[in-house]
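Taking it in order: structure first as structure tokens, then the write-up.
The values are calculated or read from the model by the stated rules, or taken from the named source; none is laboratory data. Note that the coordinates shown come from a computational prediction; the quantities given were computed from them, not determined experimentally. Positions of Cβ are backbone-derived with ideal geometry, glycine not excepted, and every protein chain shown enters the neighbour counts. Just the protein is used for accessible areas: all its heavy atoms, side chains included, with ligands, DNA and RNA removed. Shrake-Rupley method; radii C 1.70, N 1.55, O 1.52, S 1.80 Å.
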Amino acid sequence: MSTDAIVLLKQEHKELLRLFKAYRTADPGDRAVRTDLAQHIVHDLTIHSYLVDEVLQPMVAALLNDPAHPALQGFQDHKAIDRLCEEVAERGGADPGFEHGMTALLSAAVQQMEREEREWFPQLRSALGRKDLQEIGLRLLAVRETAPRHPPGPVSGAPQGAPG
Ligand SMILES: [Fe+2]
């Protein structure tokens, strides 16, 4: 199995797109299946955002050691995706805004993936050596085991600390 960071992230994109398609084509009346798929999507997207923003980008920045390097220009953080994940996670399948939230989340995520694959990944491929990308990939695989699985927002059922 390749540990090349770009190969790994493209595999994640493929798996995410497969889940998106399953969600879009799921029976609109089958709330249990839709909620389950939505949870799976939020879970996988949360990990993916974390890996790109908190592992890949800092490692690339450190390796290139030049904030103005063109290979850093194609990076777009995943904060908007994270916010949409939080919204969906807070609502739950019975909420009337849930489907709208999912539509917004999926379209934002697809746009970002397309942009990464079209612009950023090729920039990284030409700026970094094979060994660097493999090293980053190994780190991605290791961090994936402990990356946050849920948006940082309130999780239903879990008591939150008193607001400060
Ligand atoms: Fe991505």
Between Thr46, Thr35, which is within 16 Å of the ligand (Cβ to nearest atom) and hydroxyl-bearing (Ser, Thr, Tyr)?
Thr46
Residue in the stretch 7-25 that is of a type in the set (A, V, I, L, M, F, W, C) and more than 17 Å from the chain's Cα centre (by Cα) present:
yes
Condition test on Thr146, is it of a type in the set (Val, Ile, Thr), within 19 Å of the chain's Cα centre (by Cα) and farther than 21 Å from Ala5 by Cα?
no
Only residues in the stretch 119-130 that are under 15 Å from Leu56 (Cβ atoms) count as the first member; pair them with residues that are open to solvent by 60 Å² or more (accessible area, probe 1.4 Å), Cβ under 8 angstrom, at least 6 apart or cross-chain, and list the lot.
Trp120/Gln76; Phe121/Lys10; Gln123/Pro70; Gln123/Gln73; Ala127/Pro70; Leu128/Leu63
Applying the selection to the stretch 77-93, what residues are within 16 Å of the ligand (Cβ to nearest atom) and in contact (Cβ under 8 Å) with a residue 60 or more places away in the chain?
Asp82, Cys85
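Can you pull out every residue in the stretch 84-121 that is hydrophobic (A, V, I, L, M, F, W, C), assigned to a helix (DSSP H, G or I) and open to solvent by 20 Å² or more (accessible area, probe 1.4 Å)? Full working, then the answer.
Applying the first criterion (hydrophobic (A, V, I, L, M, F, W, C)) to the stretch 84-121 yields 84-85, 88-89, 94, 98, 102, 104-106, 108-110, 113, 120-121.
Going one step further and asking which of them are assigned to a helix (DSSP H, G or I), we end up with 84-85, 88-89, 98, 102, 104-106, 108-110, 113, 120-121.
Across the stretch 84-121, the qualifying residues are Leu84, Ala89, Ala104, Ala108, Val110.
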Matching residues, the stretch 131-152, being touching a residue at least 24 places away in the same chain (Cβ under 8 Å) and aliphatic (A, V, I, L, M):
Leu133, Ile136, Leu138, Leu140, Leu141, Val143, Ala147
Could you check the stretch 33-58 and list, in sequence order, the residues that are touching a residue at least 12 places away in the same chain (Cβ under 8 Å), hydrophobic (A, V, I, L, M, F, W, C) and open to solvent by 20 Å² or more (accessible area, probe 1.4 Å)?
Leu37
Among the residues of the stretch 10-32, what is the count of those that are open to solvent by less than 70 Å² (accessible area, probe 1.4 Å), more than 14 Å from the ligand (Cβ to nearest atom), hydrophobic (A, V, I, L, M, F, W, C) and part of a helix (DSSP H, G or I)?
1
Criterion violated by Ile81 - all others in (1) in contact with a His (Cβ under 9 Å, 6 or more places away or on another chain); (2) outside any helix (DSSP H, G or I) satisfied:
(2)
